[in-house]
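A.B. asks: Before anything else, here's the structure in question.
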Amino acid sequence: MELFLFKEHHKKKMISKVKVLLALLCVTVVFVYIGGFMLQNPHLQDENCICKKCTYDNENLFMEHFNKSVEPFLTAKYSLPDDAFNWWRRLQNERRNYDVYSKTVEGLFEIFPPSPDIKEPSPDHCRTCAVVGNSGNLKGSRYGPLINVHDVIIRMNTGRIKGYEADVGTRTTHWIMYPESAMDLDNNTHLVLFPFKIQDLEWLRKALTTGFSGTSYMPVKSKIKANKDLVMVFNPAFMKYIHETWLEKKGKYPSTGFMALVLALHICDEIHVFGFGADKDGNWSHYWEALKDKRLRTGVHPGSHEYETILKLARQLKIKFYKGW
Ligand code: C5P
């Protein structure tokens, strides 16, 4: 009887060992198959990104909208397509023609770098970026240390740092502005101009040299401090691409913050997004001031569509979104 029980026990042990071996074999087969599939389909992996989760891999919203071929910045060699110029000139009722535009751009590259200073993707470095919008939800967030760690830190318009360091951090590598939202920068920060009319391009040159004396829909600084060698000018065709492809032509044109975010999708491997989101009344209030215009909403921009898109990108792990306080 005892011998019988011993044999039964031994048999059961053998069966469970065989089961474990079979399971291991199955797992190995699946891994080898997936590995082989990935090698045969290099577009499914991002060979230039070593981040834990790369922006440029796979599917859904991101792949539907992302178009790598549109250049984010103007260069001395680039010529803006007519259709993009015609779309762009309607944003702020530009009356002057393409020739004036292209002569003005040509003049810019006499004093600013002919191509932008952007880090190319590389298999041995993960380019991490923080995009910092100006939402009131940054107030009390204590996000400062989470923002400061990134390679690229993009801020914009009249955003404040002094007095808000614990919430918004201290470092900046790129500051996006247009004449009506211009700020003085230190010598190490890239000035990124988002131009909305030819006068904005003229302003850039003059504000950094002889001084600008024109007028606009708001007061404009005649001179600003910034390093001329770190100036970059956003491409109007890239704005059109964001409006049409990412925002399906909603709103008059995309907000500075949303364009900064799509820019980051093109030049970063890993993106952390802060300072986006309207207040409880649907207004785009700022973290450093009380709302002046109670009926501001999101201006001419498709604020709720932009916000939904940000949430979707976060769900798909293309960005990490910090919702604020
Ligand atoms: O107000 P301002 O345009 O300077 O803010 C920068 C960007 O931050 C906006 O273009 C918008 O994309 C974003 N923002 C936001 N929610 C707010 C304020 C600003 O999403 N409450």
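The values are calculated or read from the model by the stated rules, or taken from the named source; none is laboratory data. As the structure is a prediction and not an experimental result, all values here were calculated from the model. In this analysis, Cβ positions are derived from the backbone assuming ideal geometry, glycine residues included, and neighbour counts consider all displayed protein chains.
A.B. asks: Which one of these is within 12 Å of the ligand (Cβ to nearest atom) and at negative phi: Phe238, Phe274? Spell out how you get there, then give the answer.
C.D. replies: Numbers: Phe238 fails: within 12 Å of the ligand (Cβ to nearest atom).
None of the other options fit; the residue is Phe274.
A.B. asks: For region 108-140, which positions are touching a Gly at 6+ places or on another chain (Cβ under 9 Å), within 18 Å of Met177 (Cα to Cα) and part of a loop (DSSP other than H, G, I, E, B)? If you could, list the steps in order and put the result at the bottom.
C.D. replies: At the first step, the residues of region 108-140 found to be touching a Gly at 6+ places or on another chain (Cβ under 9 Å) are 130-140.
Now restrict to residues that are within 18 Å of Met177 (Cα to Cα): 130-135.
Passing the criteria: Gly133, Asn134.
A.B. asks: Kindly indicate whether any position in region 277-297 is in contact with a Pro (Cβ under 8 Å, 6 or more places away or on another chain) and either within 12 Å of the ligand (Cβ to nearest atom) or among the small types (Gly, Ala, Ser) (or both). Walk me through how you get there before you give the answer.
C.D. replies: Taking region 277-297 as the starting set, the residues that turn out to be in contact with a Pro (Cβ under 8 Å, 6 or more places away or on another chain) are none.
The answer is no; no qualifying residue exists.
A.B. asks: Within region 93-107, identify whether any single residue is in a loop (DSSP other than H, G, I, E, B) and small (Gly, Ala, Ser), and answer yes or no. Can you show your working first?
C.D. replies: First pass over region 93-107, keeping only residues in a loop (DSSP other than H, G, I, E, B): 93-97.
With the extra rule that they be small (Gly, Ala, Ser), the set shrinks to none.
No, region 93-107 contains no residue that is in a loop (DSSP other than H, G, I, E, B) and small (Gly, Ala, Ser).
A.B. asks: Would you mind stating whether Tyr307 is under 24 Å from Glu71 (Cβ atoms), touching a residue at least 24 places away in the same chain (Cβ under 8 Å), not hydrophobic (A, V, I, L, M, F, W, C) and not in a loop (DSSP other than H, G, I, E, B)?
C.D. replies: Details: under 24 Å from Glu71 (Cβ atoms): no; touching a residue at least 24 places away in the same chain (Cβ under 8 Å): yes; not hydrophobic (A, V, I, L, M, F, W, C): yes; not in a loop (DSSP other than H, G, I, E, B): yes.
In short, no.
A.B. asks: Would you confirm whether or not region 287-297 contains a residue that is in contact with a strand residue (DSSP E or B) (Cβ under 9 Å, 6 or more places away or on another chain), crowded, with 21+ Cβ neighbours inside 10 Å and assigned to a loop (DSSP other than H, G, I, E, B)? Walk me through how you get there before you give the answer.
C.D. replies: First, pick out the residues of region 287-297 that are in contact with a strand residue (DSSP E or B) (Cβ under 9 Å, 6 or more places away or on another chain): 287.
Then drop every residue that is not crowded, with 21+ Cβ neighbours inside 10 Å, which leaves 287.
From the residues that got through so far, the ones that are assigned to a loop (DSSP other than H, G, I, E, B) too are 287.
Yes, region 287-297 has at least one match.
A.B. asks: A follow-up question, please. Suppose we keep only residues that are surrounded by 17 or more Cβ atoms within 10 Å (Cβ to Cβ) and in a helix (DSSP H, G or I) within region 141-171. Which one would you say is nearest to the chain's Cα centre (by Cα)?
C.D. replies: Restricting to residues being surrounded by 17 or more Cβ atoms within 10 Å (Cβ to Cβ) and in a helix (DSSP H, G or I), the top hit is Ile147.
The rows are residues; the columns are (1) in contact with a helix residue (DSSP H, G or I) (Cβ under 8 Å, 6 or more places away or on another chain); (2) within 15 Å of the ligand (Cβ to nearest atom).
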| site | (1), (2) |
| --- | --- |
| Asp124 | no, no |
| Cys129 | yes, no |
| Gly159 | yes, yes |
| Asp186 | no, no |
| Leu204 | yes, no |
| Ser216 | yes, no |
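A.B. asks: Any residue in region 225-235 that is aromatic (Phe, Trp, Tyr), closer than 15 Å to Arg155 by Cα and surrounded by fewer than 20 Cβ atoms within 10 Å (Cβ to Cβ)? Talk me through it step by step, then tell me what you get.
C.D. replies: The first filter runs over region 225-235 and keeps only residues aromatic (Phe, Trp, Tyr), leaving 234.
From what's left, closer than 15 Å to Arg155 by Cα: 234.
Checking which are surrounded by fewer than 20 Cβ atoms within 10 Å (Cβ to Cβ) leaves us with none.
No, region 225-235 contains no residue that is aromatic (Phe, Trp, Tyr), closer than 15 Å to Arg155 by Cα and surrounded by fewer than 20 Cβ atoms within 10 Å (Cβ to Cβ).
A.B. asks: Restricting to region 256-300, name every residue that is under 30 Å from Asn67 (Cβ atoms) and among the basic types (Lys, Arg).
C.D. replies: Passing the criteria: only Arg297.
A.B. asks: Also, I was wondering about something else. Give Phe212, Phe258 a once-over and let me know the one that is in a loop (DSSP other than H, G, I, E, B), without any contact (Cβ under 8 Å) to a residue 60 or more places away in the chain, aromatic (Phe, Trp, Tyr) and surrounded by 13 or more Cβ atoms within 10 Å (Cβ to Cβ).
C.D. replies: Details: Phe258 fails: in a loop (DSSP other than H, G, I, E, B).
Step by step, each of Phe212, Phe258 is checked, and only Phe212 is in a loop (DSSP other than H, G, I, E, B), without any contact (Cβ under 8 Å) to a residue 60 or more places away in the chain, aromatic (Phe, Trp, Tyr) and surrounded by 13 or more Cβ atoms within 10 Å (Cβ to Cβ).
A.B. asks: On the given criteria, is Thr172 over 24 Å from Thr75 (Cα atoms) and of a type in the set (S, T, N, Q)?
C.D. replies: Working: over 24 Å from Thr75 (Cα atoms): no; of a type in the set (S, T, N, Q): yes.
In short, no.
A.B. asks: Of the numbered conditions (1) outside any loop (DSSP other than H, G, I, E, B); (2) of a type in the set (Lys, Arg); (3) closer than 18 Å to Thr172 by Cα, Lys225 satisfies every one except a single condition; which is it?
C.D. replies: Of everything listed in (1) outside any loop (DSSP other than H, G, I, E, B); (2) of a type in the set (Lys, Arg); (3) closer than 18 Å to Thr172 by Cα, Lys225 misses just condition (1).
A.B. asks: Among (1) within 16 Å of the ligand (Cβ to nearest atom); (2) in a helix (DSSP H, G or I); (3) in contact (Cβ under 8 Å) with a residue 24 or more places away in the chain, there is one condition Thr245 misses while meeting the rest; what is its number?
C.D. replies: Answer for Thr245: the failing condition is (1).
A.B. asks: Can you find even one residue in region 257-270 that is more than 19 Å from the chain's Cα centre (by Cα), away from the ligand (no atom under 11 Å from the Cβ) and at pLDDT 95 or above?
C.D. replies: No, that holds for no residue.
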